[in-house]
Amino acid sequence: MSRREELRHHLDAVRERIAAACAVAGRRPEEVTLVTVTKNFPGSDIDLLADLGVTAIGESKDQEAAAKFSDEGRRARVEVHFVGQLQSNKADSVAGYADVVHSVDRPKVVGALAKGAARAGRPLTALVQVDLGEATGRGGVDPSRAVDLADEVAASGLALGGVMAVAPLHGDPARAFGRLREVSEDVRRRHPEAIWVSAGMSGDLEAAILHGATHLRVGSAILGSRPPLR
Ligand SMILES: *Cc1c(COP(=O)(O)O)cnc(C)c1O
């Protein structure tokens, strides 16, 4: 089977899972955006995915993403979502190619991204990453600080998209996504436009859809298990 065929099969399977979960949740599949996370896979896979109709690509490391999207033709074909932990000294680079940053969890990153986006002359949507506990070390602001950080994003000139979280490695993803939904409601009381909820990965996308996710970040279920970067 060619790589293209393999990706097509995996994509079909994931789209079926999304459709089935939406049916259970009483939601329309159009409400849910699939972001295909291609970290550790070569840029040629992004090109094949774009051929197969994928419109949103996720990356988690600046150096790797910057290299892949230095190809302007590739960059122009997809919406680029940065989903990994972000240091403020990388924000300028990320703002040069990303359309959306899912992982804003500190005021310092907000300022750096806003400056980078202004310098690049590009619009940038930012999501507030929320830490759902268990000391996962995967980044995120404490839920009690999420609204304050959302205020800072909105005041910075970035477009506030909504909230994002990674479910704890151990524990019930449904519980975590339920908590994220509450945080989203708190944020939307002050920022009604910030309706995105980025939640759900290969292993827990059904639970995320059931709890109101608008964006799924799916890697291994589409690309396969992660090889070292070639
Ligand atoms: C890698 C990654 C994903 C995709 O995870 P899979 O389990 O491979 O689907 C989603 N979100 C973030 C933040 C990631 O780093």
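DSSP beta bridges in the chain, what fraction antiparallel, as a percent rounded to 5? Display every interim value, and only then the final one.
Numbers: 0 of 25 bridges.
Just about 0 percent of them are antiparallel.
Could you work out [θ]222 nm for the chain from helices alone, using -39500 (n - 2.57) per DSSP H run of at least four and dividing by all its residues? Round to the nearest 500 deg cm²/dmol.
-13500 deg cm²/dmol
Report the convex hull volume per residue for the stretch 87-223, counting only C-alpha atoms, in Å³. Working shown, then result.
On the way: hull volume 14.2 nm³, N = 137.
Looking at the stretch 87-223, the number lands at 103 Å³ per residue.
When a/c is below 1.5 the answer is rounded, else prolate if a/b is larger than b/c, else oblate, so apply that to the chain with a ≥ b ≥ c taken from the square roots of the Cα gyration tensor eigenvalues. Present the calculation step by step, with values, prior to reporting the outcome.
Numbers: a/c = 1.68, a/b = 1.11, b/c = 1.51.
Note, shape of the chain comes out oblate.
How are the C-alpha pair distances of the stretch 1-138 spread across 5 Å bins, as whole percents from the shortest bin up?
2, 10, 18, 19, 17, 16, 11, 6, 1, 0
For residue 211, which sequence-distant residues (separation of 5 or more, or a different chain) have an amide H within less than 5 Å of its own amide H, given hydrogens modelled in the peptide plane?
The answer is none.
What is the percent of Cα-Cα separations in the stretch 72-134 that go past 13 Å?
Summing the P(r) of the stretch 72-134 above 13 Å gives 59 percent of all pairs.
Dividing the convex hull volume of the alpha carbon atoms of the stretch 22-68 by its residue count, what do you get in Å³ per residue?
Values: hull volume 4.3 nm³, N = 47.
That works out to 91 Å³ per residue.
Taking 1 over the mean of 1/r across every pair of different Cα atoms in the stretch 37-115, what Kirkwood radius in Å do you get?
For the stretch 37-115, inverting the mean 1/r across all distinct Cα pairs yields 12.6 Å.
From the phi of every residue in the stretch 178-190, what ³J(HN,Hα) in whole Hz does the Karplus formula 6.51 cos²θ - 1.76 cosθ + 1.60 yield, where θ is phi - 60° and glycine or proline is x?
Using θ = phi - 60°, the values come out as x, 5, 4, 4, 5, 4, 4, 5, 4, 5, 6, 4, 9 Hz.
Of the options 191, 215, 169, report the single residue whose Cα projects farthest towards the positive end of the charge dipole of the stretch 157-229 (beta-carbon charges: Lys, Arg +1; Asp, Glu -1).
Value computed over the given set: 191.
When only alpha-carbon atoms count, how far does the stretch 117-171 stretch along each of its three principal axes, as whole angstroms with the largest first?
Per principal axis, max minus min of the Cα coordinates gives 41, 20, 14 Å.
Determine, from the Cβ-Cβ distance of residue 220 and residue 66 and an R0 of 25 Å, the FRET efficiency 1/(1 + (r/R0)^6), rounded to the nearest 0.05. Please list the in-between numbers first.
Values: r = 23 Å, r/R0 = 0.91.
About 0.65, to the nearest 0.05.
Could you tell me which of 69, 41, 180 has its Cα farthest along the dipole of the chain towards the positive end, charges placed at Cβ (Lys, Arg +1; Asp, Glu -1), taken about the Cα centre?
Result: 69.
Under a 5 Å amide H to amide H cut-off, with H placed in plane at 1.01 Å, what residues pair with residue 131 once short-range neighbours are removed?
Hits under the 5 Å cutoff: 141, 142.
Could you list which residues have their amide H under 5 Å from that of residue 202, counting only those 5 or more apart in sequence or on another chain, with H placed in the peptide plane?
219, 220, 221
Where a number appears in this text, it was derived from the coordinates with a stated rule and is not lab data. Since this is a predicted model, take the numbers as computed values, not measurements. Note: ideal-geometry Cβ built from the backbone for every residue, glycine included; neighbour counts use all protein chains shown.
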